[in-house]
1. Need pairs with beta-carbon distance below 6 Å; first residue without any contact (Cβ under 8 Å) to a residue 40 or more places away in the chain and more than 16 Å from A:R543 (Cα to Cα) and within the stretch A:270-281, second surrounded by fewer than 16 Cβ atoms within 10 Å (Cβ to Cβ) and not charged (D, E, K, R); sequence gap 6+ or separate chains.
2. Of the residues in the stretch B:70-83, how many are open to solvent by less than 10 Å² (accessible area, probe 1.4 Å) and modelled with pLDDT of 95 or more?
3. List every residue pair whose Cβ atoms sit under 6 Å apart, with the two residues 6 or more apart in sequence or on different chains, where the first one lies in the stretch A:21-42 and is in the same structural domain as A:K85 (by the TED database) and the second, anywhere, is at pLDDT 95 or above and among the basic types (K, R).
4. Within the set of pairs 6 or more residues apart or between chains, which connect a residue that is within 14 Å of chain B (Cβ to nearest Cβ) and of a type outside the set (A, V, I, L, M, F, W, C) inside the stretch A:111-132 to a residue that is open to solvent by 60 Å² or more (accessible area, probe 1.4 Å) and in a loop (DSSP other than H, G, I, E, B) with Cβ atoms less than 6 Å apart?
5. Which one is nearest to ligand 2 (Cβ to nearest atom), of the residues in the stretch A:19-29 that are open to solvent by less than 50 Å² (accessible area, probe 1.4 Å) and over 31 Å from the mean Cα position of the chain (by Cα)?
6. Restricting the search to the stretch A:140-176, which residues are under 23 Å from the mean Cα position of the chain (by Cα), in a helix (DSSP H, G or I) and in contact (Cβ under 8 Å) with a residue 12 or more places away in the chain?
7. What's the total number of residues in the stretch A:216-239 that are on the phi < 0 side of the Ramachandran plot and modelled with pLDDT under 95?
8. Output the residue which, of all residues in the stretch A:1-44 that are among the acidic types (D, E) and assigned to a loop (DSSP other than H, G, I, E, B), is farthest from ligand 1 (Cβ to nearest atom).
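The values are calculated or read from the model by the stated rules, or taken from the named source; none is laboratory data. Keep in mind that this is a model prediction, so the values were computed, not measured. FYI the Cβ positions are ideal-geometry reconstructions off the backbone, even for glycines, and counts take in every protein chain you see. Please note that ligands, DNA and RNA were not included when accessible areas were found on the heavy atoms of the full protein model with its side chains. Shrake-Rupley method; radii C 1.70, N 1.55, O 1.52, S 1.80 Å.
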Amino acid sequence: MPKLTIDGVEIEVAPGTSILQASEMLGVEVPRFCYHDKLSVPANCRMCLVEVSPGPPKPQASCALACADGMVVKTNSEMVHKARKGVMEMMLINHPLDCPICDQGGECDLQDQAVAYGFDRSRYHESKRAKVDPDVGPLVKTVMTRCIQCTRCVRFAEEIAGTPDLGLVNRGEDVEITTFVEKAINTELSGNLVDICPVGALTSKPYAFTARPWELRKTESIDVHDAVGSNIRIDARGGEVMRVLPRLHEDVNEEWISDRTRYAHDGLKRQRLDRPYVRDAQSGKLRPASWEEAFSVAAEKLLSVKQGWKAALVGDLCDLESMVALKDLMGSLHETNLECRTDGAFYDASSRAGYIFNSTIAGIEQADAILLVGTNPRREAALVNARIRKTWLNKRVKVGVIGEVADLTYPYEHIGTGPADLENLIKSAGGFAAVLKNAKNPMIIVGMGAFQREDGLAVQALARQCAETFNMVREGWNGFNVLHTAASRIGALDIGFTSKDGFDLGKVELVYLLGADDFPMEYINPHAFVIYQGHHGDAGANRADVILPGAAYTEKNGLYVNTEGRVQMARKAVEAPGEAREDWKIIRALSAYIHRQLPYDDLFQLRERIAREWPHLMQIDQILPAPWTVFGLPGKVAGTSFVSAVQNFYMTNVITRASLTMAECTKVFLHHDVAEAAE
Amino acid sequence: MKKHLDLHAAYQPQSFSFRSAEAVKDILSRYPEGRARSAIMPLLDLAQRQVAEDGAKANPPYGGWIPRAAMDEIARIVGQPPIKVYEVATFYSMYNIEPVGQYLVQMCTTTPCMLCGSDNIVKACQDRLGIGLGETTGDGKFSLMEVECLGACVNAPMVQINDDFYEDLTPARMVEIIDLLEQGKEVPVGSQTGRLNSQAEGGGTTLKDAKVRKSGT
Ligand code: SF4
Ligand code: FES
Ligand code: FES
């Protein structure tokens with residue numbers, strides 16, 4: 001363990017630690033542009049220069065120099081300042097200094113460091129270079145004159161996203177970042193380029209010229225666009241969400257978020273339900289109503305329809321509290337027709353280990369063989385895919401796929417397409433079966449595509465058999481994983497928002513839809529009375545007889561359980577529009593109308609109620625290993641192939657369907673896909 | 001600012017394949033397993049030479065350059081994304097990624113050559129061919145290109161035409177060389193005044209009586 005002195009303070013670090021990292025441990029700030037702790041180290045910006053002795057009498061790039069025993073480092077000497085000033089002056093030679101019209105202004109590394117190391121005037125009188133701004137798609141805006149050639153974007157695209165389309169071409173003064181052959185950067189993670197670019201060369205296109213960072217109110221929250229539960233920061237101005245940024249959580253999303261998480265928020269402004277509606281008996285059309293009227297109509301039906309003929313469905317974006325409240329409400333009417341698996345997936349919800357991502361997302365990095373069954377993680381959970389890619393990059397983890405053939409950004413062995421291939425794999429000894437057998441930490445990831453079929457339960461049993469055959473479950477390691485696509489699902493399964501024996505939606509007379517839009521409304525009995533509670537005027541609201549306007553995820557405090565079973569707390573960033581209210585409050589108010597008032601008056605009491613029945617749901621940000629028990633139902637499997645649960649990454653729920661940005665992405669990227677396939 | 005390259009331009013051929021699989025294999029065999037990326041540079045060179053061979057027979061003729069299709073093919077061969085090949089090809093001035101004339105005249109104008117009159121050489125070429133630097137004659141025979149020091153300063157001024165150096169130039173000799181090349185005649189390469197390598201002008205001055213030691217003795 002090398003021991004060295006930095007600015008007079010002694011420190012002992014692990015071998016291989018760079019001087020920059022060691023300085024950071026001591027709280028000594030070293031300016032940098034090209035260095036990023038999740039990317040490789042090219043040491044090409046030279047901003048991090050420090051003075052090191054012993055060694056040549058010249059400044060050294062601290063990001064690329066490993067600590068050695070007995071080093072004496074000065075990060076603040078005259079030589080260092082002079083060197084950094086020189087670097088800064090060179091960087092600004094060709095920089096347009098257009099901060100007043102640059103979206104990065106106020107949160108720009110170059111701006112900040114120019115304050116510390118810049119001159120107040122330029123010695124450069126020649127004309128500055130001009131650049132062509134490549135069009136890289138609808139999400140990232142490029143202004144290449146501002147680029148300082150740190151190549152963070154190139155490395156991100158190549159290493160993290162796995163779509164090496166960006167490069168640094170030409171040389172000297174002519175160098176430029178470009179895709180060279182004009183094309184959109186086709187990755188679900190492209191928005192992160194905006195974050196890692198230290199200057200204003202890559203900025204967010206939809207956010208362009210809308211706000212300055214110091215005007216924004218920042219709220220730390222949780223994303224609901226997939227089941228990963230990415231940690232986000234919601235930046236709002238007044239009542240409007242201006243942008244969504246990632247927040248560091250090493251075990252979940254590291255410091256990235258997917259483009260759907262980042263850019264779908266413009267859908268929160270369109271097609272909102274901002275007042276209650278009631279279907280007019282005469283005209284058969286929905287008409288605006290007061291809360292009172294809406295509640296009265298709903299209550300009357302809830303009381304008049306006989307027990308056993310009512311059902312409640314919860315959708316993909318619901319918070320835990322409102323689902324518990326709805327369950328309590330239905331329970332007060334002795335109704336057990338509850339269901340959360342509205343996506344048509346059949347799986348056994350009786351054993352927690354059978355439906356969560358047991359290995360955890362960070363645990364992927366421990367795996368040395370991964371079997372993907374009926375899933376395209378790139379589309380279903382872009383950050384889980386990024387984790388698999390990271391593992392592949394670090395140690396060339398072996399990946400096998402049973403399901404669709406698709407570009408997952410890492411190589412894999414395509415074993416088959418349907419359940420029969422899984423059966424064969426379990427029976428065979430060579431090929432990928434041998435890989436799994438010899439692996440120390442083998443892992444299976446089953447997607448919703450494997451369950452969204454009649455034989456789902458049998459496939460689940462088969463997956464369990466696979467996990468057991470290849471010794472994936474043992475003390476200290478559980479390699480059985482289900483990858484969900486809905487943020488609400490695990491929470492709903494945990495509180496038992498399921499029906500054991502099922503019920504026929506085509507027969508029930510009253511259906512309560514809590515944000516449930518993603519299934520064919522024709523399944524509902526055409527004569528049934530439908531109460532829709534949610535935030536967007538989508539399929540559910542269209543079918544509804546009463547609409548109770550609820551709040552979107554940015555407009556309420558709530559708990560979400562991600563696919564790992566990790567409970568996380570989302571916070572309210574803005575008010576719900578118009579008369580819309582937080583969902584649990586709506587249900588609580590409705591309960592009074594049916595004379596079965598729910599016993600909680602605020603969110604705190606509701607959470608206490610949850611803690612009493614399901615204590616594990618109050619362990620925020622904890623992972624509790626689920627005991628391994630029997631689940632699934634061995635049976636005959638069909639010969640049909642698995643189809644991934646998400647076909648269009650940009651369109652998965654009511655918010656994305658209302659988002660213009662997501663519509664544009666669909667046009668550009670899916671069309672692009674088609675064009676490529678045709679070539 | 002450098003001209004923005006158009007890899008979708010009409011002059012780009014749709015496909016490219018190496019004529020000699022043998023040569024490609026030979027180049028790949030020089031690098032260890034998993035390091036095929038290193039073969040990008042020699043393969044680019046091979047592609048450029050192959051195009052030059054075709055160009056010499058074509059009418060109008062053209063010189064060696066590397067079409068996008070060739071870069072994509074190289075990327076496929078070495079198993080790298082195409083952008084990695086574009087990066088290399090655009091970095092080095094010896095790779096032409098746009099069509100050039102059959103004879104690419106690279107004119108050194110760096111300080112030593114400039115002091116010895118390279119400006120006049122450039123002017124002689126421009127007048128003779130009727131084109132400027134960075135341009136190609138209408139018959140496809142000549143392109144002029146300004147380059148930095150080519151390392152033959154001792155015999156300045158000099159130009160490089162395709163693979164060969166032409167040194168100790170005068171404007172008149174430069175025009176003669178162009179005439180000869182145009183007629184398809186041989187031109188002696190190296191010093192045009194007949195000096196040996198980079199000996200002093202007028203012959204050797206030192207070590208005149210030194211016994212030359214034969215190798216191996
Ligand atoms: S575009 Fe931004 S991230 Fe990419 S090299 Fe330029 S400054 Fe760095
Ligand atoms: S941060 Fe060290 S050289 Fe860029
Ligand atoms: S300056 Fe012309 S060859 Fe060196």
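1. The qualifying pairs do not exist here.
2. 4
3. Sorted first by the residue in the stretch A:21-42, then by its partner, the pairs are A:H36/A:R152; A:L39/A:R155; A:S40/A:R155.
4. A:R129/B:M1
5. So, considering only residues that are open to solvent by less than 50 Å² (accessible area, probe 1.4 Å) and over 31 Å from the mean Cα position of the chain (by Cα), the one nearest to ligand 2 (Cβ to nearest atom) is A:I19.
6. A:R152, A:C153, A:V154, A:R155, A:F156, A:A157, A:E159, A:I160, A:A161, listed by residue number.
7. Total satisfying the criteria: 1.
8. Once the filter is applied, the top-ranked residue is A:D7.
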